[in-house]
Amino acid sequence: MTLSAPHQLPPDAGKFLVGRLQVVDDLNSLLTAARQAGAALTVAVNGPPGAGKDTLAVRPAHKISTSVATRQ
C-alpha cells in the first residue's frame, strides 16, 4: 500500500511574511529536528485577529509536507 501526502494546505502567501522570517526559520528547525528524532511535535500560534497566524503557519507546513511526500 502506497501512502500519498495530503494536499489540503492553503496556498503559500509568498512574500507577506515581513518581519517573520526568523520565526519561520525557528519553526522549520523545530519541525526538522522533531522529524529526524522520530518525534511528533505540536506547535501553537497565538495572536490577535489579522496578525498573520495562518500565513505564519502555512509556510513551514508547506516545507514539511514536501519533505514528507518525498520520504514516502
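Readers should treat all values here as calculations from the given coordinates under stated rules, not as data from a laboratory. Small disclaimer: the values here were computed from a predicted structure and weren't measured.
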**OP:** Compute the Cα gyration tensor for the stretch 8-66, then decide on rounded, prolate or oblate, letting a ≥ b ≥ c be the square roots of its eigenvalues: rounded whenever a/c is under 1.5, prolate when a/b is larger than b/c in the other cases, and oblate in all that remain.
**Re:** prolate
Original post:
How much length is gained if the chain between residue 18 and residue 34 is pulled fully straight, taking 0.36 nm per residue apart and subtracting their Cα-Cα distance, in nm to one decimal?
Top reply: 3.1 nm
